[in-house]
1. Can you work out the Karplus-derived ³J(HN,Hα) for every residue in the range 532-538? Use 6.51 cos²θ - 1.76 cosθ + 1.60 with θ = phi - 60°, whole Hz, and x for glycine or proline.
2. List LYS800, LYS379 from most exposed to least, where exposure is judged by having the fewest other Cβ atoms within 10 Å.
3. Within the range 550-639, report the GluC sites (Glu not before Pro) that DSSP leaves as loop and that have at most 13 other Cβ atoms within 10 Å.
4. Counting other beta carbons within 10 Å of each Cβ, put ARG322, ARG824, ARG194, ARG553 in order, fewest first.
5. Search the structure for amide H atoms under 5 Å from the amide H of LEU84, placed 1.01 Å from N in the peptide plane, and list their residues when 5 or more places away or on another chain.
6. For LYS529, which lysines qualify as cross-link partners when the Cα separation must be under 22 Å and same-chain residues fewer than eight apart are set aside?
7. How far apart, in nm, are the 7 Å Cα→Cβ label points at ALA660 and VAL10?
8. Below 8 Å between Cα atoms, with a sequence gap of 6+, how large is the relative contact order for the range 631-728 in percent?
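Every number here is computed from the coordinates shown, using simple stated rules; none is lab data. A quick note: this is a predicted structure, and the numbers were derived from the prediction, not measured. Ideal geometry is used to build each Cβ from the backbone, glycine not excepted, and the neighbour counts take in all protein chains shown.
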Amino acid sequence: MPSLSRAEAVARRAAISVESYLVDLDLTGDGPHFRSRTEIHFTAVPGAETFVELKPARLLAVRLDDRDLDIAGLDENRLPLTGLDGRHILHVEAEMAYSRTGEGIHRFVDPADGETYLYAMSFLDEAQRIFAAFDQPDLKAPVTLSVTAPPEWTVAANASVAAEPAPGRWEFVPTPPLATYLVTLIAGPYHVRRDSHDGIPLALYCRRSLAAHLDADAEEIFTVTRQCFDRFHELFAERYPFGKYDQAFVPEFNAGAMENPGLVTFRDDLVFRSAVTESQRELRATTIAHEMAHMWFGDLVTMRWWDDLWLNESFAEYLGTRVTAEATRFDQAWTTFALRRKAWGYAADQRPSTHPVAPAEVTDAAQALTNFDGISYAKGAAVLRQLVAWLGDEVFLAGLNAHFAAHRFGNASLADLLSSLAAAAGRDLDDWAQLWLRQAGVNTLRVESVVDAQGRYEEVAIVQSAPAAHPVLRPHRVLLGRYGVQGRAGGVELDLDPERDGGRTVVAELTGEPASVLLANDGDLTFAKLRLDPRSVPAVRELLPSTPDPLVRGLLWGEMLDAVTDAERPVEDLVQLIAAALPAEREVIIVEDVLTMSRPLVDRYLAGPARHEALGMISAACRRLLLAAEPGGSIQLAAARALIGAATEPELPAGWLSGAEVPAGLAVDADLRWLLLRRLVVLGAAGEAQIEAEARADRSATGEQWAARCRAALPDPAAKAAAWEIIVRGAEHSNRIVEATAGDFWQPEQAELTAGYVPRYFVEQPAAALLRPGWTAERIASDAFPRYAVDPVTRELAAKLLGRDDLVPGLRRAVVDAADDLARALAARQRYAAL
Ligand SMILES: [Zn+2]
């Protein structure tokens, strides 16, 4: 199917404007198809020739005004429209296919009770899997939806229900003008909770089998929703513009959530069925706030074309984090951003696939999908935070509000946003945009210090560098924090200006001051990798337990993780820091992130006895965390999970699974049981019989995914062969089952068993990636990459694959990134081989 190009979108925008969509869907019946009728009212310039998009299973009829068009005219997904002039009405009737990949209308049968659930996902250009559409973001129009479905179902959509004229029939009021990628609905025997706030009707939906879990958390979700609405209404002059606000938790969803106006869809893993940590609750809160931010940024004012995708995601990430931190109980959201989200951004920005936050031209929609990465989210948000530090909050918000007022219910580009912000600031932002938005690459800020015999600074400097591929130095506004074992000893605010000092900024204020640990981006205001001066590094171990500010501790941990990732320090240094300093940590975000983020480094940068020893030290740190942790608390759960994952012998997981020596307060619930079983499977201490028994006891969708993970992890040739079939062929399986299988196929402990699959990945993925739509294909290609085969041969195979010119964009991107990670792991192993 041809992906819509930027040039085609520009031409079509010039040729037509859309007045309205009337979409009528028949979702009755058990078959693989549903009936779709679309009526589009649009206006064309004289003589215009264009096309409407549709991906039908069977096209039934097309009528333009009063003439029937030949249905054979459908060319792949494009239906040509010719001889246009003035106002037209297009009728299209078709049978459409339900999907199992989370795109179009996804159909899911709940293994818990056999009930069927549907939801629509139109993003990015999948509205055409549901109805005939001019499927591009800048042809916005009101959508009036009607649905026929089993009368016992619940149906909800972007707009409110206008009428239910007969049982099993729902007619919705017209929406405000919407981009096609934002059209959604849910249909099925959904469980619902209702509330309202400040005149806005609120609802939560989930599958019936999750009802008790949603009910248990409904008050928390509504509270976060209310608090965020209040804060957004303080920040923005424009009130929430889409009437009601529904939040539906839906099965097998690809993204974290999708910002459909009036009906946000979330992955229903966010309805917690087992014990979770505060970090997971914080993630749900920031996701709620992120989607709410999109109601203004993305939904009210929409990008013109996908090259301004960052306008959506960077703003939603920035405002979602900010509003969560300011308005909800999750006041450490910026620490999570510093430690986890920015690490994602730094990693993406150092890869060969990096791109500017605001790329000058995204050629087509398929290309746009691969830009959903750490650049568009985390780097963009960090860059905006730097802009706020530079302009001041009042000016920034005045610019935003002017932007909303100027483009409400319309489209805007980067240039439009810059002009709104520049007008509010009274200064030109073109240079800033050129440096931060139009050029890729991350700077490193390295502190250098010279200390005299009395332990006082003779000179302190911050040296900025840039990667060879993107040699651009930038102005940064930073706070250079000074820390002693007694805590914070002061700080110097400064503007790094490479035009003035060539990238080496001497901090004269510190000359003569007693030496201490210097942190170059205290407060985390800019987007730059940090390096402590060498004399500060050993002091971090004592500093961490005595530093009260979690953000500072997060930055110090982040610096160590990044230095190890870059092979500037050995993994052993990180593991020793974990052993020395993590047991005293009381901020669950830091405990969980450090344990989670260090694990791939241990598994990929170390091998054999060195890895075994590192896992032993991490286990010891986890045991100390457990001893001091509050029973039933988040730190206990985070430490328990990491301890299970680091087990090299089956005694502990087998014991906990049978209820022996479980720490007081730790709930060995459904998900923890699966985690224990998976570890036993990897260690060869449990097999298919135990997996089958656990699956019988947990007949949920999550249970099915866990069983798929465990089966993929079995150290058994037949099980590996079966799992591989699912990964490279298995089109009959849902996106989630294939991802679960791919995610656990490779295990560091099973290098010998899976060695034959390493070359097969490179031979078989090009065809496998064609089986599924872009989003899922990229995810599976990434999960299935032989990430533990840290070997020059793997690297050569990857390079050879990338030499082909017939790879789909998602596969190419996945392999480029994985090969880059592999190169780092190889470099680290080579450098520290003697250790
Ligand atoms: Zn978003």
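1. 5, 6, x, 6, 7, 4, x
2. Working: LYS800 10, LYS379 29.
By the 10 Å Cβ count, ascending, the order reads LYS800, LYS379.
3. Details: sites: GLU559, GLU568, GLU572, GLU585, GLU587, GLU592, GLU613; in loops: GLU568, GLU585, GLU587.
Listed in order of number, the matching sites are GLU568.
4. On the way: ARG322 23, ARG824 19, ARG194 13, ARG553 26.
Sorted ascending by nearby Cβ count, the order is ARG194, ARG824, ARG322, ARG553.
5. GLY47, ALA48
6. Output for LYS529: LYS342, LYS379.
7. 7.1 nm
8. Numbers: 83 pairs, mean separation 22.9, N = 98.
Over the range 631-728, the number comes to 23 percent.
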